[in-house]
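Accompanying notes for the structure given below.
Read the figures in this text as sums done on the coordinates, not as results from a lab. Keep in mind that this is a model prediction, so the values were computed, not measured. Using ideal geometry, Cβ is built from the backbone for each residue, glycine included, and neighbour counts are taken over all protein chains shown.
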Amino acid sequence: MSHEATTRPGETAAAAGSGEELRPVPFRGGGFKHRPLGPVAPIVFLAILALWELGARSGFISPIALPAPSEALAALGDLIATGMLWKHLGASLYRLIVGWTLGSLLGIAFGLLIGLFSLARAGLLPLVSALFPIPKIALLPLFIIWFGIGEGSKVATILFGTFFPTVIATYGGVDNVDRNLIRMGQSFGLSWLSIVRKIIVPGAMPAILSGFRISASIAIVLLVAAEMIGAEFGIGAYILMAGALFALDQLIAGVAILSVLGLIIAWLIGKAEKRLLAWRS
Amino acid sequence: MQLIARNITHHYGGTAVLEDISFAIGAGEIVCVVGPSGCGKSTFLRIAGGLERPDSGEVMVAGAAPEGSLNPLTYIFQDFALLPWRSVAGNVSLVLEDHGIRGAEARAIVADVLARTNLSDFARALPRQLSGGMKQRVAIARALAVKPAIMLMDEPLSALDSQTRELLMDDLVALWQRERFSACYVTHNLNEAVRLGSRIIVLSRRPGRIREVVEIDMPIDQRAERLTELERLQRRVWEIMREEAREADREIADVP
Ligand SMILES: Nc1ncnc2c1ncn2[C@@H]1O[C@H](COP(=O)(O)OP(=O)(O)O)[C@@H](O)[C@H]1O
Ligand SMILES: [Mg+2]
């Protein structure tokens, strides 16, 4: 009440003073901001599948051009029923996990070297910059000669493919660590190793984790490419075989598995980010 | 412990930043260094604590550090320099870990310094959850944990709003009365300088030279009540600095 009592006189005085009618100030903010719209994504997804199914059933989409989603689903069912899914998936996951883990670990190690030592930066960075843009698929024949046609060449392709983006993400992260924090560590007499472990590595972690997002997608792309040569099992081999036989339903099923794999990996990295970077707002 | 700077001169590339700075900080003394921005105050402080080498001149310490001092020359930074991924307690224990202080002993020290800075309830909070004043209190707690002989404070209150600054200044005065630490307190805020300094070193614009040294005899604990006298003192220091600040301002505007 007292609040009203203090505002009213000013208001009336101003209005009376000008002698004009009162108009609200028009709202001009808003927009340029994303709202979370939970169910939109699944609705869009299901709508596309429904249209596709409808088109295939009605004959609008020729079965030679694109099989119906239900047929792809049936192919997937077959894959599960025969137990082949696990064989293919197991072979692919093994290559992916071994190649990506080794590539990432080596990448972080070299990234830290380049980030921390001038000599390593001068010696290795030009090399990394020269080798990074080479499509690793082009080197596959070379890897086959070096590491054999078996698992070695496939793991090596993924390893090299993930190594370079991880190096670049890591040393970029090290470069971006707040110099004042490092100076703080020195001013309290922290050892070099403590500064690296407790200040530089955690400070570079956001960059390293976003590097993981990129290297994981690269790993999946390279997995399929590598499995297209001399692989008996693996999602890539399965897709290649389906393509060779024009079994488009199987091809679509294989691609769907890859897509789900990519989504799961992205989700896992998201989880890791939430955990490791909880200190960020 | 005393800190003595002798003829410190420093350049960055072609620009002279400090020229022939000599002064001493006695035990239990707060020496304030004021000067226009860009005159080399932060550079001087980095040199004083051994984070940077001067082109010429030397910084010496005399006397023994107090019993149990882990880090005799300890900084308080303007931007707090807290690790955002560590809690308040973790930021304090960071500086103990390298001295082999862990477990119960570390917990006891952390609890003690957090109590002395009124932070006990925030031990588990992350820096991003704290206000600026709280963050600087954490940095002060971290400094106290290593039992410094001399604090090197680089504009410790400049990132804070004026009310928080008043509160922290009172805290610093109370802390100084209990601990009698020595400090080199760099600031561009003359009010802070006259409230906290036993002596004020006024630097010229870049290259920083000592323009004048102003002694303040008034006991630090009485200053909050004798503001009119301080006001006069502050105006005197400002008269000394005014031309330098104006010229420094022009100089910065001239940079291409
Ligand atoms: N690492 C550095 N390299 C080159 N120039 C610097 C560096 N640090 C400071 N300077 C320059 O030295 C001058 C003094 O800087 P600084 O000591 O930060 O001044 P203040 O703290 O008094 O504002 C400024 O002109 C600044 O640009
Ligand atoms: Mg400064």
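Please compute, over every Cα-Cα pair in the protein assembly as shown, the percentage with a separation greater than 46 angstrom. The partial results should precede the final answer.
Values: 58306 of 143916 pairs.
Percentage above 46 Å: 41.
Mind giving me the FRET efficiency for A:Ile269 and B:Asn118? R0 is 45 Å, r the Cβ-Cβ distance, nearest 0.05 is fine.
Details: r = 40 Å, r/R0 = 0.90.
So the FRET efficiency works out to roughly 0.65.
Give the range of the longest stretch in chain A that excludes all GluC sites (Glu not before Pro) found in loop regions by DSSP and having at most 14 other beta-carbon atoms within 10 Å.
Numbers: sites that count: A:Glu20, A:Glu21, A:Glu232.
Value returned for the longest uninterrupted segment is A:22-231.
Taking a cut-off of 28 Å between Cα atoms, list the lysines near B:Lys41, but don't count ones fewer than 8 places away on the same chain.
Qualifying lysines at Cα under 28 Å: B:Lys135, B:Lys147.
Could you name the lysines in cross-link range of A:Lys271, using Cα to Cα under 25 Å and dropping any fewer than eight places away on the same chain?
A:Lys33, A:Lys198
What are the trypsin sites (Lys or Arg not before Pro) within segment B:112-208 that DSSP puts in a loop, where the Cβ has at most 15 other Cβ atoms within 10 Å? Display every interim value, and only then the final one.
Numbers: sites: B:Arg116, B:Arg124, B:Arg128, B:Lys135, B:Arg137, B:Arg142, B:Arg165, B:Arg178, B:Arg180, B:Arg195, B:Arg199, B:Arg205; in loops: B:Arg124, B:Arg180, B:Arg205.
Sites meeting the loop and neighbour criteria: B:Arg124, B:Arg180.
About the Cα centre of chain A, what is the dipole size in debye to 20, counting +1 per Lys and Arg Cβ and -1 per Asp and Glu Cβ, all else neutral? Numbers along the way, then the final one.
Numbers: 20 positive and 14 negative charges, 187 e Å.
Roughly 900 debye, rounded to the nearest 20.
For segment A:106-216, divide the Cα radius of gyration by the Kirkwood radius and give the resulting Rg/Rh value with two decimals. List each step's numbers first, then the result.
Values: Rg = 16.4 Å, Rh = 15.2 Å.
Rg/Rh for segment A:106-216 comes to 1.08.
To the nearest 10 degrees, how steeply does helix A:2-18 sit against the main Cα axis of chain A, on a 0 to 90 scale?
Roughly 80 degrees, rounded to the nearest 10.
Loop sites only, by DSSP: take the GluC sites (Glu not before Pro) in chain B that have at most 14 other C-beta atoms within 10 Å and name the longest stretch containing none of them. Show your work: numbers first, answer last.
Values: sites that count: B:Glu52, B:Glu67, B:Glu225.
The reported range is B:68-224.
Against the longest alpha carbon principal axis of chain A, how many degrees, from 0 to 90 and to the nearest 10, is the axis of helix A:40-58 turned?
The two axes meet at around 50 degrees.
Place a label point 7 angstrom from the Cα of B:Asp161 along the Cα-to-Cβ direction, then list the residues of segment B:119-147 whose backbone nitrogen is under 14 Å away.
B:131-134
Loop only by DSSP, 12 or fewer other Cβ within 10 Å of the Cβ. Give me the chymotrypsin sites (Phe, Trp or Tyr not before Pro) in segment A:111-175 that pass, ordered by residue number. Before the final figure, lay out each step's value.
On the way: sites: A:Phe117, A:Phe143, A:Trp146, A:Phe147, A:Phe160, A:Phe163, A:Tyr171; in loops: A:Phe117.
Counting only loop positions with at most 12 other Cβ atoms within 10 Å, the chymotrypsin sites (Phe, Trp or Tyr not before Pro) in segment A:111-175 are A:Phe117.
Of A:Thr170, A:Ala247, A:Ile269, which is farthest along the charge dipole of segment A:69-276 in the positive direction, counting Lys and Arg as +1 and Asp and Glu as -1 at C-beta?
Of the options given, the answer is A:Thr170.
Put one equal scatterer on each alpha carbon of segment B:204-256, apply the Debye formula with no solvent term, and list log10 I(q)/I(0) at q = 0.21, 0.30 1/Å to two decimals.
-0.82, -1.15
Per the Kirkwood treatment, what hydrodynamic radius in Å, one decimal, follows for segment A:179-281 from the mean inverse distance over all distinct Cα pairs?
Details: mean 1/r = 0.0597 Å⁻¹.
After inverting the pairwise mean of 1/r, the radius is 16.8 Å.
Roughly speaking, what is the stretch gain from A:Leu37 to A:Ile214, that is 0.36 nm per residue apart minus the C-alpha to C-alpha distance, in nm to one decimal? Walk me through the numbers before you get to the answer.
Values: separation 177, 0.36 × 177 = 63.72 nm, distance 2.58 nm.
Gain in length upon complete extension: 61.1 nm.
Out of all Cα-Cα pairs in segment B:8-63, roughly what percent, to the nearest whole number, are more than 15 Å apart? Mind showing how you got there, number by number?
On the way: 767 of 1540 pairs.
Across segment B:8-63, Cα pairs with separations above 15 Å total 50 percent.
Using DSSP to call loops (not H, G, I, E or B), can you name the trypsin sites (Lys or Arg not before Pro) in segment A:192-258 whose Cβ has at most 14 other Cβ atoms within 10 angstrom?
Details: sites: A:Arg197, A:Lys198, A:Arg213; in loops: none.
The qualifying sites: there are none.
Viscosity 0.692 mPa s, temperature 37 °C: Stokes-Einstein D of segment B:82-146 from its Kirkwood Cα radius, in µm² per second?
Details: Rh = 11.3 Å.
D, rounded to a whole number, is 290 µm²/s.
Could you give the Stokes-Einstein D for chain B in µm² per second, using the C-alpha Kirkwood radius, 4 °C, 1.567 mPa s? Kindly include the intermediate steps, with their values, before the conclusion.
On the way: Rh = 19.0 Å.
Here the translational diffusion coefficient equals 68 µm²/s.
What number, rounded to the nearest 500 deg cm²/dmol, is the helix-based mean residue ellipticity at 222 nm of the protein assembly as shown, given -39500 (n - 2.57) per DSSP H run of at least four residues and division by all its residues?
Details: 19 runs with 307 residues, N = 537.
Result for the protein assembly as shown, helices only: -19000 deg cm²/dmol.
In nanometres, what is the gap between the two model label sites at A:Leu125 and B:Ser69, each 7 Å from Cα along Cα-to-Cβ?
4.0
What distance in nm separates the two pseudo spin-label positions at B:Glu247 and B:Glu215, each 7 Å out from Cα along the beta-carbon direction?
The two pseudo-label positions are separated by 2.7 nm.
Checking understanding here: applying a Kyte-Doolittle mean of at least 0.5 and a length along the axis of at least 18 Å (C-alpha), which whole DSSP H helices in chain B pass? List each step's numbers first, then the result.
Values: long enough: B:103-116 (20 Å, 0.66); B:132-145 (20 Å, 0.31); B:162-179 (25 Å, -0.52); B:227-254 (38 Å, -1.13).
Membrane-span-like by this criterion, though nothing is claimed about a membrane: B:103-116.
Relative to the longest principal axis of chain A, what angle (0 to 90°, nearest 10) does the C-alpha long axis of helix A:235-244 take?
Helix A:235-244 sits at roughly 70 degrees to that axis.
Under a plain spin-label model, where a point goes 7 Å from the Cα along Cα-to-Cβ, how far apart in nm are A:Leu66 and A:Val25?
My value for the distance between the label points is 5.2 nm.
Over all alpha-carbon pairs of segment A:71-121, lay out the pair-distance distribution in 5 Å bins, whole %, shortest bin first.
Binned Cα distances yield the sequence 5, 18, 12, 12, 10, 10, 8, 7, 6, 5, 5, 1.
What percentages, rounded to whole numbers, describe P(r) for segment A:69-276 computed over all alpha carbon pairs with 10 Å bin width beginning at zero?
9, 29, 29, 19, 10, 4, 1
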